[in-house]
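Data block below; observations after.
The values are calculated or read from the model by the stated rules, or taken from the named source; none is laboratory data. Owing to the predicted nature of the structure, the values given are computational and were not obtained by experimental measurement. Cβ sites come from the backbone with ideal geometry, for glycine too, and all protein chains shown count toward neighbours. The protein model used for the area step is the full one, side chains on, heavy atoms only, and it has no ligands, DNA or RNA in it. Shrake-Rupley method; radii C 1.70, N 1.55, O 1.52, S 1.80 Å.
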Amino acid sequence: MAPAQRCPLCRQTFFCGRGHVYSRKHQRQLKEALERLLPQVEAARKAIRAAQVERYVPEHERCCWCLCCGCEVREHLSHGNLTVLYGGLLEHLASPEHKKATNKFWWENKAEIQMKEKFLVTPQDYVRFKKSMVKGLDSYEEKEDEVIKEMAAQIREVEQSRQEVVRSVLEPQAVPDPEEGSSAPRSWKGMNSQVASSSQQPSNLDLPPAPELDWMEIGPSLTFIGHQDIPGVGNIHSGATPPWMIQDEYIGGNQEIGPSYEEFLKEKEKQKLKKLPPDRVGANFDHSSRTSAGWLPSFGRVWNNGRRWQSRHQFKTEAAAMKKQSHTEKS
């Protein structure tokens with residue numbers, strides 16, 4: 001029996017020796033794994049002729065899994081604030097270690113020989129990629145210079161407009177020419193004199209008198225509700241003292257507001273007693289009853305009202321009554 005071997009593509013252990021790599025399942029798994037890696041390799045091969053340089057973003061740290069070497073490889077090549085797209089993957093595909101691992105992978109898994117060249121990059125192609133990368137860097141710098149020039153032109157325009165606005169505000173107003181403006185005051189003076197002379201002369205025209213306007217007249221659109229002044233009480237419009245300036249008159253000088261501290265403590269004790277069971281022993285005990293200084297407790301019976309000595313006397317009275325009743329029954 002052949003020794004056990006582990007297939008990383010099928011993820012299972014087999015005991016059929018080298019015959020497993022020719023099985024239909026293994027070839028299907030191999031084809032699917034190569035098809036997953038092929039789009040990234042094709043995109044990297046397109047970048048050989050025209051390398052693209054972009055500004056660095058965190059997404060450029062993405063990695064891909066190299067099926068032949070069994071390790072992760074960075075897709076893009078970043079340096080500072082610049083990133084060359086697919087630079088890291090092309091560098092890995094052109095390395096001699098990847099070429100050696102690819103030959104071993106193809107031999108062990110019996111993959112199609114026609115697909116092998118798609119996963120390898122020759123040194124000549126990698127040199128061509130370096131030249132296109134230099135051109136891409138130059139074009140990127142030119143674009144950045146154009147963007148900087150456009151931004152500088154916009155800043156100059158904004159600054160120039162701001163200076164014009166400030167200059168127009170700070171410039172003094174132009175003084176009018178006295179020769180040009182002398183005619184206007186004279187004409188105004190002449191008109192004023194004519195108006196004054198005409199007002200002094202008696203008018204021969206009989207003009208109708210101007211109607212007197214009655215503002216208190218009730219019209220169709222207004223309703224007069226009368227004066228709202230309270231007799232004997234003034235307001236701020238009549239010169240009286242405003243209500244917020246009048247001092248309050250207290251009935252008592254030292255009148256306390258709210259309950260006293262002793263009443264508060266009593267109410268607090270009542271609230272505590274309400275939480276206790278109402279049928280407990282001593283719930284109806286009268287705390288206001290007075291006792292002598294020589295009082296001693298007696299544990300003769302359980303009480304509910306009064307003091308313990310009262311329950312003792314009550315017990316003696318009941319015992320005497322029971323004796324009398326027994327004597328009368330015997331007689």
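Cβ-Cβ under 7 Å, sequence separation 6+ or interchain: first residue in the range 48-61 and open to solvent by 60 Å² or more (accessible area, probe 1.4 Å), partner of a type in the set (V, I, T). Which pairs?
Once the first residue is open to solvent by 60 Å² or more (accessible area, probe 1.4 Å) and sits in the range 48-61, its partners that are of a type in the set (V, I, T) give E54/T83; Y56/T83.
For residues in the range 118-144 being among the hydroxyl-bearing types (S, T, Y) and surrounded by fewer than 15 Cβ atoms within 10 Å (Cβ to Cβ), which is modelled with the highest pLDDT?
Among those residues, the one meeting the criterion is T122.
Within the range 91-99, is there a residue that is of a type in the set (K, R), open to solvent by 60 Å² or more (accessible area, probe 1.4 Å), modelled with pLDDT of 85 or more and in contact with a Leu (Cβ under 7 Å, 6 or more places away or on another chain)?
Yes: the range 91-99 contains one or more residues that are of a type in the set (K, R), open to solvent by 60 Å² or more (accessible area, probe 1.4 Å), modelled with pLDDT of 85 or more and in contact with a Leu (Cβ under 7 Å, 6 or more places away or on another chain).
Being over 19 Å from Y126 (Cα atoms) and within 37 Å of the chain's Cα centre (by Cα) is the filter here, so list the residues in the range 65-90 that pass it.
G80, N81, L82, listed by residue number.
Applying the selection to the range 62-73, what residues are open to solvent by 90 Å² or more (accessible area, probe 1.4 Å), under 27 Å from W107 (Cβ atoms) and not hydrophobic (A, V, I, L, M, F, W, C)?
The one that is open to solvent by 90 Å² or more (accessible area, probe 1.4 Å), under 27 Å from W107 (Cβ atoms) and not hydrophobic (A, V, I, L, M, F, W, C): E72.
Is there any pair linking a residue in the range 6-28 that is free of Cβ contacts under 8 Å to residues at least 60 places away in the same chain to one that is among the aromatic types (F, W, Y) and open to solvent by less than 30 Å² (accessible area, probe 1.4 Å), with Cβ under 9 Å and at least six apart or on different chains, and which?
Every condition considered, the pairs that remain are R6/F14; C7/F14; H20/F14; S23/F14.
Specify which of the listed residues (A43, A50) is among the aliphatic types (A, V, I, L, M), within 45 Å of the chain's Cα centre (by Cα) and under 26 Å from M133 (Cα atoms).
A43
Which of the numbered conditions does Q247 fail, given that it passes all the others? Conditions: (1) surrounded by 10 or more Cβ atoms within 10 Å (Cβ to Cβ); (2) at pLDDT below 80.
That leaves (1) as the condition not met.
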